[in-house]
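Below is one structure, written out as structure tokens; comments come after it.
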Amino acid sequence: MPLDTPAHDLSTACLCLAGPTASGKSAAALAIAAAWASTWPVEIVSVDSALVYRGMDIGTAKPKREERAFVPHHLIDIIEPSEAYSAARFVVDAQRLIGEIRARGHLPLLVGGTMLYFKALFEGLDAMPAADRGVRAALAEQLERDGLHALYRELQRVDPVTAARLKPADQQRIQRALEVFRVSGQALSSFHTEKVERALPPLISLEPDDRAWLHRRIETRFHQMLDGGLVDEVRRLGERGDLHADLPSMRCVGYRQTWEALVGGSFSELPERGIAATRQLAKRQITWLRGMPQRHRVASDRNDPIAAVVALATTLAAEWRHA
């Protein structure tokens with residue numbers, strides 16, 4: 001069954017700001033907070049699966065200390081990279097924070113690019129079987145013995161719907177789908193059938209008209225991360241001794257490629273691989289956004305997109321501020 005709808009009406013409880021990576025979401029969110037500081041204080045709730053991790057600052061473009069001092073930020077630095085965070089946990093955390101922020105008379109501004117988290121909050125999630133270490137270990141042993149293609153063939157047999165939407169090389173999701181089937185006896189696809197009708201909150205989406213504009217920003221930002229110490233950051237994470245390449249934290253874009261470069265001892269291809277992976281992430285994010293019916297699009301490559309976001313946010317909020 002889907003997670004329960006929050007007690008308050010989500011459509012009038014918060015404002016959402018989304019967009020692909022490097023589209024300018026953080027700057028726009030801070031501008032909204034500055035514009036409304038004296039009339040309706042803003043608190044930002046991060047909708048980002050990488051910002052939850054402590055010690056992962058450079059590769060996540062984590063908000064600076066002074067930015068977090070200017071406006072409260074939530075769901076940042078809440079777990080260790082050795083831990084896992086999920087969409088289901090995000091929904092619980094976000095619903096709690098929305099209620100607490102509204103109780104203070106402030107506006108919850110949900111900002112980020114993890115579209116699965118937005119979708120889970122908007123539509124609800126089916127209760128999934130808990131992870132099973134024994135089953136996971138057995139799958140890892142089978143993977144090493146028989147190879148990923150054998151696991152994928154098994155998934156095609158027991159859950160053809162999920163297999164059809166996954167790439168044969170998507171090891172993480174193939175293993176998780178097989179784990180769900182072995183634990184529950186049900187196909188993963190059977191947990192995603194029930195839809196919940198909800199009144200949706202306003203969603204402002206920063207997206208470029210020209211994809212090349214975004215690609216240039218992604219390239220520039222990745223080089224800035226490298227210049228800012230990304231390799232040393234990942235090296236320090238590796239030296240902790242409790243992290244490995246298969247953890248969700250180390251599979252984050254940028255971290256995965258840097259980890260592999262450190263293990264391989266060669267950094268010549270790191271910029272190209274990191275930029276390519278980030279572009280693919282941005283493409284997936286835009287695809288998710290196009291499926292969100294309440295989305296109000298602002299061209300992030302237009303003249304003064306931040307002013308456009310603030311103006312649109314003000315217009316949208318005026319309709320339900322006192323609800």
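Since every read-out is calculated from the coordinates, none of them should be taken as a lab result. Just so it is clear, the structure is predicted and the values come from calculations on it, not from any experiment. Every residue, glycine among them, receives a Cβ derived from its backbone with ideal geometry; neighbour counts consider all protein chains shown.
Relative contact order (percent) for region 176-323, with alpha-carbon contacts under 8 angstrom and 6 or more residues of separation? Spell out each step's value before the answer.
Details: 96 pairs, mean separation 51.9, N = 148.
Relative contact order for region 176-323 comes out at 35 percent.
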Can you give the angle from 0 to 90° between the axis of helix 230-239 and the longest principal axis of the chain, with both taken from C-alpha atoms, to the nearest 10? 50 degrees
Would you count, across the chain, every pair of lysines whose alpha carbons are under 24 angstrom apart, provided the pair is eight or more residues apart or spans two chains? 10
Residues in region 154-179 reached by a label modelled at Ala140 [backbone nitrogen below 18 Å; 7 Å Cα→Cβ]: 171-179
For region 273-279, what does the Karplus curve 6.51 cos²θ - 1.76 cosθ + 1.60, with θ = phi - 60°, yield as ³J(HN,Hα) per residue in whole Hz, taken in order and with x for Gly and Pro? 6, x, 5, 4, 5, 5, 5
When the charge dipole of region 176-286 is computed with +1 on Lys and Arg Cβ and -1 on Asp and Glu Cβ about the Cα centre, the Cα farthest towards its positive end, among Leu200, Phe222, Leu281, belongs to Leu200
Might you report the magnitude of the Cβ-based charge dipole of region 3-107 about its Cα centre, with Lys and Arg at +1 and Asp and Glu at -1, to the nearest 20 debye? 200 debye
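Mind checking the full-extension length gain between Leu116 and Glu100? Use 0.36 nm per residue of separation minus the Cα-Cα distance, one decimal, nm. List each step's numbers first, then the result.
Numbers: separation 16, 0.36 × 16 = 5.76 nm, distance 2.29 nm.
Fully extending the segment from Leu116 to Glu100 adds 3.5 nm.
Which value, in debye to the nearest 20, describes the size of the charge dipole of the chain about its Cα centre when Lys and Arg Cβ atoms bear +1, Asp and Glu Cβ atoms bear -1, and nothing else is charged? Intermediate results must be reported in sequence, preceding the final value.
Details: 41 positive and 40 negative charges, 91 e Å.
Computed about the Cα centre, the dipole is about 440 debye.
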Distance between modelled label sites at Ala307 and Arg251, nm, 7 Å Cα→Cβ extension: 4.4 nm
Can you list residues from other chains, or at least 5 along the same chain, whose modelled amide H is less than 5 Å from the amide H of Leu125? Leu3
Label-point gap, in nm, between Asp227 and Glu319 - each point 7 angstrom along Cα→Cβ: 4.2 nm
Taking the Cα atoms of region 45-106, what is the range of coordinates along each of the three principal axes, in descending order and whole Å? 33, 30, 13
Starting at the first residue of region 31-42, write each ³J(HN,Hα) from the Karplus equation 6.51 cos²θ - 1.76 cosθ + 1.60 with θ = phi - 60°, in whole Hz, x for Gly and Pro. 5, 4, 4, 5, 5, 9, 4, 8, 10, 8, x, 9
Tilt of helix 305-318 relative to the longest C-alpha principal axis of the chain, in degrees (0 to 90, nearest 10)? 70 degrees
Förster radius 45 Å - calculated FRET efficiency between Ser82 and Arg216 (Cβ-Cβ, nearest 0.05): 0.80
Grab the Cα-Cα distance for Ala299 and Lys64, subtract it from 0.36 nm times how many residues apart they are, and report the gain in nm with one decimal. 82.1 nm
Where a ≥ b ≥ c are root eigenvalues of the Cα gyration tensor, a/c under 1.5 meaning rounded, otherwise prolate if a/b exceeds b/c and oblate otherwise, region 45-204 counts as prolate
Explain nothing, just the number: relative contact order of the chain, from Cα pairs under 8 Å at least 6 residues apart, as a whole percent. 28 percent
Please list 37-50, 285-298, 221-234 highest first by mean number of surrounding beta-carbon atoms within 10 Å per residue. 37-50, 221-234, 285-298
With θ set to phi - 60°, apply the Karplus curve 6.51 cos²θ - 1.76 cosθ + 1.60 along region 91-104 and write out the HN-Hα couplings as whole Hz, x wherever there is a Gly or Pro. 4, 4, 5, 5, 4, 4, 5, 4, x, 5, 5, 5, 5, 7
Spelling it out for Val298: with amide H atoms placed in the peptide plane at 1.01 Å from N, the residues 5 or more places away or on another chain with amide H under 5 Å from its amide H are Ser205, Leu206, Glu207
Bins of 5 Å from zero: percent of alpha-carbon pairs in region 175-281: 2, 10, 15, 14, 12, 12, 13, 13, 8, 2, 0
Taking amide H atoms as placed 1.01 Å from N in the peptide plane, list the residues 5 or more away in sequence, or in a different chain, whose amide H sits under 5 Å from that of Val47. Val111, Gly112, Gly113
Can you tell me which of 248-257, 159-168 comes out highest on packing, and rank the rest after it, using the mean Cβ neighbours within 10 Å? 248-257, 159-168
According to a simple spin-label model (label point 7 Å from Cα along Cα-to-Cβ), what is the distance in nm between Glu269 and Arg173? 2.3 nm
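How would region 220-307 be classified by its alpha-carbon gyration tensor: rounded, prolate or oblate, with rounded meaning a/c under 1.5 and the a/b versus b/c comparison settling the rest? List each step's numbers first, then the result.
Details: a/c = 2.60, a/b = 1.92, b/c = 1.36.
Cα axes put region 220-307 in the prolate bin.
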If one takes the longest principal axis of the Cα atoms in the chain, at what angle in degrees, from 0 to 90 and to the nearest 10, does the Cα axis of helix 171-184 lie? 80 degrees
